[in-house]
Amino acid sequence: MTTTRHPDKTTIVRIVVALVGVGCLLLTVQGAVRATGRGIALMSDREHDLPATQHQVDLETLWRQFVEQVPPGSRISLAPARTNKDLWHQRLSELAALRGCVVVQGTPWDYSVSVAAVQRKRPTSAGVRLVVRKVD
Amino acid sequence: MDVSPVLAVLALLVAGFPLAFAILRSPFLALLLAPLVAALLSTVAVLLMLVVGGPLPLWIAVVLAAAAGCAWWLSRRPGEPVPYGGWSHALLIALPLLPPCFMIFEPPYQWDAHSIWWLHAGYFAHGSEYARATIGSPAFVFSHTDYPPFASAPIAAVWSVVEPDFRTAQLVGALVTVSAIAMLVYLVRRALGRVSARVAWALAIAVGLATWSNVPYAVTGGLADALWSAAFAGAVVALLLGADPLRRPVLPLLLLTVAALSKNEGLIAVVGLALLVTVRARADLRRAALVWLPVLAGGAWAVLARLLDAQSDITEGTTGDRTAQVVERFQLTIAALWDVVGLLLVGAAVVALLGALFLRGRRRATGLAADGWLWAANGYYLAVLVGTYLSGPNDIEWWLATSVQRVTLPVTLLSAVSLAGWVAVAFGGDSRAESRPVLDQPREPALSGAAPTATR
């Protein structure tokens, strides 16, 4: 006569805990797998996320022109841009702080700064330029 | 080719290495901890600059000199290298974290990175007078100038020497965050010292990779959420999961300070953890009092920010009479939390319940403290989160859509830590007899006494 040995309760619980636990941990690791795939795609194709690339190119272009045309510590007045007014107002405030400039309203200023849209020559070239006017 | 990002990374490693080595006594692990230490030193320099005045490079030089002296003094004291400090262990920690870091190729365009962390770095880099004026300026309320300086300080240190550059900022932020995640992985591995090495490493790495679970750009996008969450989770592992939480207190205290000085919710989470650790280690209150030092550091920043007229959107927003909206806000908040962490929380709760009912003896044999401490920390943070969403001034739908994925990261990490603990217990040997797992390091003497008293 043969006897069948059933696993005890603890063994069953250990198996369930291990299976559910590992399953949940795999769920949390999925994000890292997705990030890896997206990172590789971004590395191999600069236009993989074109809106993000264009925003970066625009902002870096504005920053470069800001450094070239506005001396550190200047008092600047922000003139509203024709498009994306809120976006560029905030971004120009940030660039001013990075340059050590003071954004003023109404009081005397050294430079008026704004953003103008330009036609992109390529998908990844700049779509904006900085408009700087020095007070006479 | 612009070499600023590479030089910035090297500077961070060199600046943080001496103190990191003095803490860990392992050159390989110290290399992983160095960016976090360098960021902490930069933060001290920024705080001194804001309080005393003067340019940031001067304070960086003073703090680095003091840190070098401190490192020299610490390394002359008797001490032993931390366990799992070999080069192979450091590689096991670092290599699995690299693939998701390919997200560094994403353009540096995250809104909060520019509007908060890099903007703060910009005004810190211009010295005390300019920084003080900008923190209190109504024109920069959108930037949350009351947020703590940790995530911005290392970038400010670099930008005080070279022209600001967003790629450098992105790389420095990612390096500091990965350093925090590496310490989380290391501390989980150390806590699972009695488990088979293969299982323990796999679980520790899984917990580290969980940092990317909700937001793929969390680590490399220039935000502070992954940074404080990983540091906080690492401190929780060391202080609530290990058998003797205050035997090696420097690393967890450092991580707690990072969490408290990275984001406002980090400070609130650290207060909760300090309470739990005080209760857990109530037999030795003098040592338990150490965990309140990071709370003091975070509190000091909160006071300084107030003195500099920084405004908080949470405490100073116009809430008005919204009694009727509370129910709706609650429902929306719970629904959003469920979407992000619901399934994981249920899974972790089922595992924890089964474990608590049937595997407690095995857990003690594995040298782990009771899982209830982790759930208390997680529950406390969840309650604070829900309370903030209910009482905050922002439009709830917009607020949840723009933040819930990021601010639930500590919940995800603590759930992953709980799961890792129970899976380690399930994979462990027989609780009635000492198992002989495959170990890759001598057992820590302190863990040998992991008796019920030590696992309160």
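The values are calculated or read from the model by the stated rules, or taken from the named source; none is laboratory data. Here the structure is a predicted model, which means the values were calculated and not measured. Methodologically, a virtual Cβ is constructed for each residue, glycine included, from the backbone with ideal geometry; neighbour enumeration extends over all protein chains shown. The area values use the complete protein model at the heavy-atom level, side chains included, leaving out ligands, DNA and RNA. Shrake-Rupley method; radii C 1.70, N 1.55, O 1.52, S 1.80 Å.
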Out of B:310, B:218, sole residue that is within 14 Å of another protein chain (Cβ to nearest Cβ) and touching a Leu at 6+ places or on another chain (Cβ under 9 Å): B:218
Any hit, region B:200-214, residues being more than 28 Å from residue B:88 (Cβ to Cβ) and among the hydroxyl-bearing types (Ser, Thr, Tyr): no
Selected residue (criterion: nearest to the chain's Cα centre (by Cα)) from residues of region B:65-123 that are small (Gly, Ala, Ser), closer than 22 Å to residue B:201 by Cα and assigned to a helix (DSSP H, G or I): B:94
Selection count, region B:93-152, where residues are free of Cβ contacts under 8 Å to residues at least 12 places away in the same chain, facing chain A (nearest Cβ under 7 Å) and within 24 Å of residue B:267 (Cβ to Cβ): 1
Matching option when the condition is in contact with a Leu (Cβ under 8 Å, 6 or more places away or on another chain) and away from chain A (no Cβ under 13 Å), among B:206, B:191: B:191
Which numbered condition residue A:65 fails, given (1) open to solvent by 90 Å² or more (accessible area, probe 1.4 Å); (2) modelled with pLDDT of 95 or more; (3) closer than 29 Å to residue B:163 by Cβ: (1)
Only one of B:306, B:329 that is open to solvent by 60 Å² or more (accessible area, probe 1.4 Å), in a helix (DSSP H, G or I) and either at pLDDT below 90 or not polar (S, T, N, Q) (or both): B:306
Subset of region B:180-190 (residues that are within 20 Å of residue B:244 (Cα to Cα) and open to solvent by less than 10 Å² (accessible area, probe 1.4 Å)): B:183, B:184, B:185, B:186, B:187, B:188, B:189
For residue A:129: the one exception among (1) in contact (Cβ under 8 Å) with a residue 40 or more places away in the chain; (2) touching a helix residue (DSSP H, G or I) at 6+ places or on another chain (Cβ under 6 Å): (2)
Those residues of region A:30-62 which are at the interface with another protein chain (Cβ under 9 Å from one of its Cβ atoms), surrounded by 20 or more Cβ atoms within 10 Å (Cβ to Cβ) and over 16 Å from residue B:105 (Cα atoms), in sequence order: A:31, A:59
Residue check for residue B:341: open to solvent by less than 10 Å² (accessible area, probe 1.4 Å) and either modelled with pLDDT under 95 or within 14 Å of chain A (Cβ to nearest Cβ) (or both): yes
Qualifying residue in region B:72-86 (condition: modelled with pLDDT of 95 or more and β-branched (Val, Ile, Thr)): no
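Given the residues B:29, B:33, B:13, B:50, which is the only one that is assigned to a helix (DSSP H, G or I) and either of a type outside the set (A, V, I, L, M) or open to solvent by 20 Å² or more (accessible area, probe 1.4 Å) (or both)?
After ruling out the rest, the residue left standing is B:13.
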Tally, over region A:71-108, of residues that are more than 13 Å from chain B (Cβ to nearest Cβ) and open to solvent by less than 70 Å² (accessible area, probe 1.4 Å): 3
Search result, residues across region B:134-168 that are among the charged types (D, E, K, R) and buried (at least 20 other Cβ atoms within 10 Å of the Cβ): B:146, B:165
Segments classed as helices (runs of 4 or more DSSP H), wholly inside region B:349-433, with at least 2 members that are surrounded by 20 or more Cβ atoms within 10 Å (Cβ to Cβ) and over 24 Å from the mean Cα position of the chain (by Cα): B:360-366, B:409-427
Any hit, region B:359-379, residues being within 10 Å of chain A (Cβ to nearest Cβ), within 27 Å of residue B:196 (Cα to Cα) and of a type in the set (Phe, Trp, Tyr): no
Subset of region B:197-214 [open to solvent by 10 Å² or more (accessible area, probe 1.4 Å) and closer than 29 Å to residue B:115 by Cβ]: B:209, B:213, B:214
Near pairs, Cβ below 8 angstrom, 6+ apart or cross-chain, from region A:15-27 (more than 7 Å from chain B (Cβ to nearest Cβ)) to any residue that is of a type in the set (Asp, Glu) and part of a helix (DSSP H, G or I): none
Meets criteria (assigned to a helix (DSSP H, G or I), modelled with pLDDT of 95 or more and open to solvent by less than 40 Å² (accessible area, probe 1.4 Å)) for residue B:346: no
Restricting region B:53-91 to residues that are crowded, with 19+ Cβ neighbours inside 10 Å and in contact with an Asp or Glu (Cβ under 9 Å, 6 or more places away or on another chain), the residue that is nearest to residue B:23 (Cα to Cα): B:83
Answer residue from region B:229-256, given it is buried (at least 23 other Cβ atoms within 10 Å of the Cβ) and of a type outside the set (A, V, I, L, M, F, W, C) and is nearest to the chain's Cα centre (by Cα) among those: B:229
